[in-house]
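Beneath this line is the structure, given in structure tokens, with notes to follow.
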Amino acid sequence: MNAALPGFVPWPEEFAARYRALGYWTGENLYAGLARGVREHPERIAIVCGERRWSYAEFDQRARRFAAGLHRTGIGPRDRVLLQLPNIGEHYIACHALFLLGALPVFALPAHRRAEIGYFVGHAQARACVIADRDGDFDFRAMIREVRAEHACLSEVVVVGEAEEFRGFDGLLDEPLAGEGSDASEVAFLQLSGGSTCVPKLIARTHDDYLYSVRESARICGLGGDTVYLCALPAAHNFPMSSPGALGVFHAGGCVVLARRNDPQSCFELIQRERVTLTALVPALALAWLESRLRARYDLSSLACVQIGGAHLAGEVARRVPEAFGCRLQQVFGMAEGLVNYTRAEDDAALTLTTQGRPISADDEIRIVDDDDIDVAPGEVGHLLTRGPYTIRGYYRAEAHNARAFTADGFYRTGDRVRRLPGGHLIVEGRAKDQVNRGGEKIAAEEVEGYLLAHPAVFDAALVAMPDRWLGEKSCAFVTLREPAQATPRELAQFLRERGIAAFKVPDRIEFLAALPRTAVGKIDKKALRARFAAPSAVPA
Ligand code: J2J
């Protein structure tokens, strides 16, 4: 193996050797699925994006041509390239072009703004980015101009659409680059963590470890050449990318249909038109689809399975899925750091409806522990710790944080509270991490509190989750003000927006208190703050 990317935490050699010996890590890289598709069924459709339909051969050619263009600009092995694209085919082209070059995509979400993008570019020392021109009123080029003014490392900007002074995506397509891609033991990309700290963490995944999870996911979910997958969640998110997601579908030789928008009508139209067999939703989206009257107007009979994951799925919503969509429900409990659990086709209704599945691998080690890291009795609720062939051993360039987020023997502290049934299925009971899960979008409380504390009138701030019928959770910031300073909730929300953060992080509600409740040791008592929403009268309509 070559010396690793600086900042990447490798598996100890004895574990790596074992994962190879067991055949988990095969030495194939993430371009291999596409390369095989081109060899075995070049004419088959791989990607549907609006009216565009690309076969495996065309997909491969475009990825190779884009790789050649990027290479010409000086992008090479291990260079980091930020990708921030909506659900369009260019996302998969760019991503595979980078795999071919051995350069590393840094996956940003379309909702991210100047603050997040600037941080990712700086932390990853990205040399280039691939963005869209605009989304509605928002101009990504203007945002990147500001990011570039602060981060000189970002020398190349590639734009899908109107490029203005930057390089146009199509203009960069060159004579196809030959080659097979990089060494599979190398880091393949940097993915974002949901996070619970003041700055987001980046997750470095290798080709070997990620491909193992993709390959096994495709097998567990029964994917094949006839799979038609609707990508309704943001394509860069770990769930629609790998569980089994688009990469699983490409691996199995199926077709990925991109949904530019994920409202019920747009998605139902695509399901009917393309005869979609599988899709992945967060509970909030599943609920929106279930509640939509439009459902009856479309032929959704091609659906064989709807996967739901990313946040707590209420039992009554789970029960409605099979009947409403006339297909199987699969629960998925995963994380970009690694571990993914699935309910299986052979599970009975009780397991499918009430558990979040069991791990992919026989070598996913699961520990459920109390606050002192002592294993709880079987069946009891505790903190989930995990280690295995596709779970990271440390975040990228985050040494101090890694000492807390991982045990000395390499288990990742997921921050989730779970219990385990005798057959290995896990039930997520809650979480210990300081995060709001807003319809599957993760908000690190500390990060938003930091932005609030930067306002001159704010003395103290605490962000907590409040229950919401549609999203599961929304965020509420409790704030104390400096005397005699004045501010309104609206002003504070506006202040946060001006910091350039993703809209989903701006608190849904801001409440002023004379003082924040404290625990015996003087920490802000978030349990007491959350309890304010427990009384039915306090739950927002
Ligand atoms: C409750 N909480 C869940 C579930 C994730 C597949 C599916 C999801 C993700 C994902 C992913 C949950 N019930 N079914 O990467 O590959 C919460 C947990 C977890 C965190 C991870 C995948 N499924 N969660 O959601 O990195 O708190 O990945 O630790 O975005 O989401 O978030 P993320």
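The values are calculated or read from the model by the stated rules, or taken from the named source; none is laboratory data. What you see is a predicted model, and the numbers here were worked out from it, not measured in a lab. Virtual Cβ from ideal backbone geometry, glycine too; neighbours counted across all protein chains shown. SASA here: full protein model, heavy atoms, side chains in, ligands and nucleic acids out. Shrake-Rupley method; radii C 1.70, N 1.55, O 1.52, S 1.80 Å.
Would you confirm, using the coordinates I've provided, whether Ala126 is of a type outside the set (Phe, Trp, Tyr) and out of contact with any strand residue (DSSP E or B) (no Cβ under 9 Å at 6 or more places or on another chain)?
Working: of a type outside the set (Phe, Trp, Tyr): yes; out of contact with any strand residue (DSSP E or B) (no Cβ under 9 Å at 6 or more places or on another chain): no.
Answer is no for this residue.
Residue-by-condition table, conditions (1) open to solvent by less than 20 Å² (accessible area, probe 1.4 Å); (2) near the ligand (Cβ under 10 Å from one of its atoms); (3) assigned to a loop (DSSP other than H, G, I, E, B); (4) modelled with pLDDT under 95:
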| residue | (1), (2), (3), (4) |
| --- | --- |
| Gln307 | yes, yes, no, no |
| Ala311 | no, yes, yes, no |
| Ala318 | yes, no, no, no |
| Pro322 | no, no, no, no |
| Gln330 | yes, no, no, no |
| Glu346 | no, no, yes, no |
| Ala350 | no, no, no, no |
| Ser361 | yes, no, yes, no |
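With respect to Ser182, is the statement that it is more than 16 Å from Leu83 (Cβ to Cβ), in a loop (DSSP other than H, G, I, E, B) and touching a residue at least 60 places away in the same chain (Cβ under 8 Å) true?
Details: more than 16 Å from Leu83 (Cβ to Cβ): yes; in a loop (DSSP other than H, G, I, E, B): yes; touching a residue at least 60 places away in the same chain (Cβ under 8 Å): yes.
So Ser182 fits the description; yes.
Going residue by residue through region 406-413, is there one that turns out to be free of Cβ contacts under 8 Å to residues at least 24 places away in the same chain and open to solvent by less than 20 Å² (accessible area, probe 1.4 Å)?
Here is the first cut: in region 406-413, the residues free of Cβ contacts under 8 Å to residues at least 24 places away in the same chain are 406, 408-409.
When the remaining residues are screened for being open to solvent by less than 20 Å² (accessible area, probe 1.4 Å), the result is 406.
Within region 406-413, one or more residues are free of Cβ contacts under 8 Å to residues at least 24 places away in the same chain and open to solvent by less than 20 Å² (accessible area, probe 1.4 Å).
For region 213-222, what are the residues that are buried (at least 24 other Cβ atoms within 10 Å of the Cβ), in contact (Cβ under 8 Å) with a residue 40 or more places away in the chain and either out of contact with any Ser or Thr (no Cβ under 7 Å at 6 or more places or on another chain) or not assigned by TED's automatic domain parsing to the domain that holds Ala304 (or both)?
Result: Cys221, single match.
When both residues are 6+ apart or on different chains and their Cβ atoms are under 7 Å apart, which pairs have a first residue that lies in region 416-435 and is assigned to a strand (DSSP E or B), and a second that is near the ligand (Cβ under 9 Å from one of its atoms) and open to solvent by 50 Å² or more (accessible area, probe 1.4 Å)?
From region 416-435, the pairs are Asp416/Arg431; Arg417/Arg431; Val428/His312; Gln435/Lys442.
(1) touching a Pro at 6+ places or on another chain (Cβ under 9 Å); (2) away from the ligand (no atom under 16 Å from the Cβ); (3) of a type outside the set (Asp, Glu): which one isn't true of Tyr229, the others all being true?
(2)
Out of Ala462, Ala534, Ala520, which single residue is open to solvent by 30 Å² or more (accessible area, probe 1.4 Å) and within 20 Å of Val436 (Cα to Cα)?
On the way: Ala462 fails: open to solvent by 30 Å² or more (accessible area, probe 1.4 Å); Ala520 fails: within 20 Å of Val436 (Cα to Cα).
After ruling out the rest, the residue left standing is Ala534.
For Glu429, indicate whether it is within 16 Å of the ligand (Cβ to nearest atom) and not aliphatic (A, V, I, L, M). Explain how you work it out, then say what you get.
Working: within 16 Å of the ligand (Cβ to nearest atom): yes; not aliphatic (A, V, I, L, M): yes.
Against the criterion (within 16 Å of the ligand (Cβ to nearest atom) and not aliphatic (A, V, I, L, M)), Glu429 qualifies.
For Gly69, which of the numbered conditions (1) under 30 Å from Cys153 (Cα atoms); (2) surrounded by 23 or more Cβ atoms within 10 Å (Cβ to Cβ) fails to hold?
All conditions are met except number (2).
Show the residue pairs that are 6+ apart or on different chains and have beta-carbon atoms under 7 Å apart, the first residue being within region 308-332 and of a type in the set (Gly, Ala, Ser), the second being within 16 Å of the ligand (Cβ to nearest atom) and open to solvent by 30 Å² or more (accessible area, probe 1.4 Å).
Final answer for the pair search is Gly309/Gly334; Ala311/Gly472; Gly315/Leu353; Gly315/Thr354; Ala318/Leu353.
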